[in-house]
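All of the numbers you see were taken from the coordinates with simple rules; none came from a lab. Worth saying up front: this structure is predicted, and the values here are computed from it rather than measured. Backbone-built Cβ (ideal geometry, glycine too); neighbour counts: all protein chains shown.
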Amino acid sequence: MLLIRLVPLLLFLLIAPARAEQALQLTGELAPAPILGFGPPQPSAVPLLPDPSQEVRDELPPLPTIDLTTPPDDLWQRMRNGFSMPDLDSPLVADRQAWYLNRPDLLKRVFERSRRYLHHIVEELEKRGMPTELALLPIVESSYNPLAYSSARALGMWQFIPSTGKTYKLQQNAWFDQRRDIVASTSAALDYLQTIYEMHGDWHLALASYNWGENAVGRAVAKNQAKGLPTDYRHLKMPAETSYYVPKLQAIKNIIAQPQLFGISLDPIPNRPYFATVERSGNMDIALAARLAEIPVEEFIALNPAYSRPVMPDVANSPLVLPANKVQTFLENLQQHEAADKPLSAWLTHNLKKGEKLDAVAKRYGISPVRLKQLNGINAKTKVVPGFALLVPGKDAIAYDAIAARLPQTPAAPPKATKWKKGKAAGKPKKGAVVVKIRKPAVTPKKR
């Protein structure tokens, strides 16, 4: 009977050590197992951490990266890399996107025109740490046309009105208007954009201020604050043109960001300067400058559109803008021209005498009275008094008549604004055109 009771105990004593050793092996421990509490106490088993070198890892695809240390070959990509303005989510963006996409020929012309100026603007924006999508703003303002003139008397690629132009030191007179100057107007526009951004702390409100005026935007923000309403761009009450202003820029930005998505083919633009500047001293004829650079007069005017007269006066204090690959040609030809002791201007100044008529002056210099008035920016509002300095051609003036006819002029009266009819903003869509319906349009646009 006693033997029968001892058999289970003996079996337990024989099996327990084996099971304990097996358990310790599973935890990485090989210390002897305690037997029924006999012997010194043993530390509890602690699982070991897995060896990192033995971990099983999933083979994940590498994350796409953008190499910002190597400048891209395409200027469009350089611009995309600098996009940093918050995107605007608005039905008006889709509306303007469809408007542009339905006009591929317009987009192509504007992008082609921008090739002369885009690199300079992107570079200036990067120097200031500003969002590079602002380089697309001249598309909204002027379609990148430095001669654009609006019904509000806004002039140039950046569309400065006279008063704002003077505030930012853009000279305006009968000889030249720096609101058309590529370098000067770009610098002034970026100064202005920085100022109104610092005022509002918001790029969308800064752009609204650029279009509508910072004081007007400030009043609209204050009204919403007083009513406890949101003060962001989308919730402000503003003119139709301003409400469509940022959506236009956002629409163009979307197209540039992903042209393939919209079926747009963007011709690459070399990521290098299109033009360079050359300092000058003294008056210089436009025709002579173009000839020394060996470029067509039209190309010279496109890069130097500020001048309204055949002579670039030294008081303008602005450098010549020439294609980068023509600067050395210009300097070499200029050196030869000056070595031959030839003048840089063949135009003369005639001071009107008391009792002297314009017809008599025109006859004396062999030009028509109409051309004399055109050369000197004389219109019905101009006060022509004794001592008035008239620009007249000398005997060696180069193609004065043809040059004068091609120079940009600031019209005496701005063009009339054309209002868009309600519901006709994008025009009647053509067959196959992209159509976007806006559920609750806040406003209808009108042309600038």
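See the values below:
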| item | result |
| --- | --- |
| Convex hull volume per residue for region 115-254, taking Cα atoms only, in Å³ | 110 Å³ |
| Percentage relative contact order, region 209-279, counting C-alpha pairs under 8 Å, at least six apart | 17 percent |
| Semi-axes of the equivalent ellipsoid for region 275-406, Cα gyration tensor, largest first, Å | 29, 15, 13 |
| Summed residue charge, Cβ within 14 Å of Thr329's Cβ, Lys/Arg positive, Asp/Glu negative | -1 |
| Under-5 Å amide H pairs with Trp347, H placed in peptide plane, nonlocal only | Gly394 |
| Listed residue (Pro305, Ile367, Ala340) projecting farthest to the positive dipole end of region 275-406, Cβ model | Ile367 |
| Backbone HN-Hα couplings from phi across region 190-202 [Karplus 6.51/-1.76/1.60, Hz, Gly and Pro as x] | 6, 4, 5, 4, 5, 4, 6, 5, 5, 5, 9, x, 8 |
| Amide proton proximity set for Leu390, modelled H, under 5 Å, gap of 5+ | His350, Asn351, Leu352 |
| Ranked packing of 74-81, 163-170, most packed first, by mean Cβ within 10 Å | 74-81, 163-170 |
| Cut-off under 5 Å, modelled amide H: who pairs with Asn145 long-range | none |
| Diffusion coefficient, µm² s⁻¹, Stokes-Einstein with Kirkwood Rh over alpha-carbon pairs of region 172-293 at 37 °C and 0.692 mPa s | 179 µm²/s |
| Rounded to whole Hz, the Karplus (6.51, -1.76, 1.60) HN-Hα couplings of region 244-250, x for glycine and proline | 8, 5, 5, x, 4, 5, 5 |
